[in-house]
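First up is the structure itself, then whatever we jot down about it.
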Protein chains: 2
Amino acid sequence: MAPWGKRLAGVRGVLLDISGVLYDSGAGGGTAIAGSVEAVARLKRSRLKVRFCTNESQKSRAELVGQLQRLGFDISEQEVTAPAPAACQILKEQGLRPYLLIHDGLRGTLSLSLFPGVRSEFDQIDTSNPNCVVIADAGESFSYQNMNNAFQVLMELEKPVLISLGKGRYYKETSGLMLDVGPYMKALEYACGIKAEVVGKPSPEFFKSALQAIGVEAHQAVMIGDDIVGDVGGAQRCGMRALQVRTGKFRPSDEHHPEVKADGYVDNLAEAVDLLLQHADK
Amino acid sequence: MAPWGKRLAGVRGVLLDISGVLYDSGAGGGTAIAGSVEAVARLKRSRLKVRFCTNESQKSRAELVGQLQRLGFDISEQEVTAPAPAACQILKEQGLRPYLLIHDGLRGTLSLSLFPGVRSEFDQIDTSNPNCVVIADAGESFSYQNMNNAFQVLMELEKPVLISLGKGRYYKETSGLMLDVGPYMKALEYACGIKAEVVGKPSPEFFKSALQAIGVEAHQAVMIGDDIVGDVGGAQRCGMRALQVRTGKFRPSDEHHPEVKADGYVDNLAEAVDLLLQHADK
């Protein structure tokens with residue numbers, strides 16, 4: 001492989017995945033990945049432009065950012081590109097009224113209005129008499145009943161529209177690997193004989209909107225993520241460079257993936273930032 | 001299309017799908033499809049050999065047959081080819097200990113021991129320290145937690161083995177269309193990057209074992225089912241003829257399926273039996 005100086009030459013902007021790069025989600029708000037709080041701070045003090053680019057679709061951006069701030073991260077809602085707002089724009093533009101197969105927010109003794117989950121992102125969306133389905137990382141809300149409701153909505157439509165917020169296979173929580181939205185998207189695709197429209201990584205439109213927000217061209221940008229297909233492969237197909245961190249859902253076999261080869265593999269975000277501050281923008 | 005006399009010439013044996021052909025399952029044991037009770041009786045009084053060939057994997061054969069008998073059908077356990085017993089044979093032969101992602105039987109006020117569901121078919125199988133996953137039509141037991149358990153078992157294995165009892169997309173209950181095991185099989189395939197082994201229709205071994213049980217060759221047999229792909233396409237690939245009934249999960253678009261063309265479409269089992277008694281075995 002070429003030396004880092006060559007691989008990172010001319011980088012002006014950095015897209016950062018969140019889950020598995022900044023922190024591992026889980027009970028009690030999850031835990032920061034060692035060195036990541038300082039790495040984000042150093043990156044933001046540098047001349048490099050930074051944008052957070054996540055497929056998080058279980059929490060609203062406000063909740064996600066709040067959780068990260070409590071872990072010590074310097075991050076605001078305005079710096080985050082996430083799929084739910086992008087999906088809302090599509091729904092409004094196309095006059096679509098979704099059945100929402102999404103996470104129902106924190107339940108139990110806490111008030112739903114305090115922790116409404118991703119549902120709050122769809123507050124302004126008409127969900128009466130649905131003419132499409134939006135599927136997100138619904139976690140425990142992926143019950144048979146909810147999946148069957150979504151399936152029945154789709155089968156009643158002449159031209160079924162299924163919008164999926166990302167298509168990740170799984171992610172890592174502090175307690176272990178967890179099924180993401182992708183497997184459930186595939187289930188509905190097979191059941192109905194249709195193809196979903198993916199909003200989020202690895203959709204090129206999604207990466208482009210993140211780059212636009214920081215005014216950086218694809219060839220001047222590097223994506224840092226833990227997902228060899230969604231983060232690394234997706235970014236590269238947009239003309240960006242991409243590094244995979246060996247944290248989060250990373251598995252050793254990723255370094256020998258049959259289709260995707262990262263521009264570099266690093267132990268964690270801290271190492272990636274070391275390398276970027278040393279070699280980028282030269 | 002050729003006249004029925006030509007299409008049904010030389011038929012000596014009939015394989016009958018159960019759900020959607022004999023009855024629609026649902027609350028209170030489901031309902032017989034009009035004319036089917038008499039049609040089965042007439043078929044069994046004829047010289048044609050009859051075998052029931054089902055992908056039912058939510059109930060045990062004993063429960064299924066009991067339910068059908070209560071609806072008036074002349075059927076015994078020994079006449080039914082079903083995927084759970086076939087899967088048990090594979091598990092024993094290959095020394096596999098499954099995590100069972102299957103229906104948990106009737107719950108609530110009824111004793112589990114009276115209605116144990118398909119789980120009773122696996123009574124003799126060692127499920128400790130699992131080294132594979134068996135997935136069936138689990139219905140409400142397809143919770144996120146159970147799916148994630150199956151996923152985690154597979155991800156821990158060096159060579160993950162997923163055995164699926166059928167791969168149907170959906171079936172029809174009296175209350176509407178319901179997701180079958182196939183979509184959930186696809187979900188785990190995608191999550192783990194693997195391919196499931198399907199036991200049941202449309203697997204050729206499964207059709208062959210049903211034919212063997214009645215001593216009829218494939219070219220002398222006709223399959224009658226409501227599933228254009230699993231029943232009709234599967235049987236035809238084994239060298240059988242196949243009729244689709246316009247009951248159960250049948251949809252008008254099935255008659256213009258891009259890949260599968262039945263040897264005939266009939267309104268229901270009663271019409272199929274009329275035609276068979278008139279034209280077969282000549």
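General remarks:
- Taken over region A:124-152, residues that are crowded, with 22+ Cβ neighbours inside 10 Å, aliphatic (A, V, I, L, M) and either free of Cβ contacts under 8 Å to residues at least 12 places away in the same chain or more than 10 Å from every other protein chain (Cβ to nearest Cβ) (or both) amount to 4.
- Set B:His257, B:His279: member being over 26 Å from A:Gln145 (Cα atoms) and within 14 Å of chain A (Cβ to nearest Cβ): B:His257
- Selected residue (criterion: surrounded by the fewest Cβ atoms within 10 Å (Cβ to Cβ)) from residues of region B:172-189 that are within 9 Å of chain A (Cβ to nearest Cβ) and in a strand (DSSP E or B): B:Gly176
- Scanning region A:113-163 for residues that are within 22 Å of B:Met178 (Cβ to Cβ) and among the small types (Gly, Ala, Ser) gives A:Ala138, A:Ser141, A:Ser143, A:Ala150.
- Scope region A:190-209; condition part of a strand (DSSP E or B) and surrounded by fewer than 20 Cβ atoms within 10 Å (Cβ to Cβ); matching residues: A:Glu197
- Among the residues of region B:264-282, just one is under 25 Å from B:Gly176 (Cα atoms), assigned to a loop (DSSP other than H, G, I, E, B) and touching a helix residue (DSSP H, G or I) at 6+ places or on another chain (Cβ under 8 Å), namely B:Asn268.
- Within region B:135-153, considering residues that are of a type in the set (Ser, Thr, Tyr) and not in a loop (DSSP other than H, G, I, E, B), the one farthest from A:Lys249 (Cα to Cα): B:Ser141
- Between A:Lys249, A:Lys261, the distinction of being assigned to a loop (DSSP other than H, G, I, E, B) and under 20 Å from A:Gly166 (Cβ atoms) belongs to A:Lys249 only.
- Picking from residues in region A:43-58 that are over 30 Å from A:Phe142 (Cβ atoms) and in contact with a strand residue (DSSP E or B) (Cβ under 7 Å, 6 or more places away or on another chain), the one that is surrounded by the most Cβ atoms within 10 Å (Cβ to Cβ) is A:Leu48.
- Within the set A:Phe151, A:Phe207, the sole residue that is of a type outside the set (Gly, Ala, Ser), farther than 25 Å from A:Asp24 by Cβ and modelled with pLDDT of 95 or more turns out to be A:Phe151.
- Qualifying positions in region B:154-171 - outside any loop (DSSP other than H, G, I, E, B), more than 7 Å from every other protein chain (Cβ to nearest Cβ) and buried (at least 20 other Cβ atoms within 10 Å of the Cβ): B:Leu154, B:Leu162, B:Ile163, B:Ser164, B:Leu165, B:Tyr171
- Selection within region B:21-32 - under 20 Å from B:Tyr265 (Cβ atoms) and out of contact with any strand residue (DSSP E or B) (no Cβ under 6 Å at 6 or more places or on another chain): B:Leu22
The values are calculated or read from the model by the stated rules, or taken from the named source; none is laboratory data. If you're wondering where the values come from, they're calculated on a predicted model, not measured in any experiment. Glycine also receives a Cβ, built like all others from the backbone with ideal geometry; neighbour counts cover every protein chain displayed.
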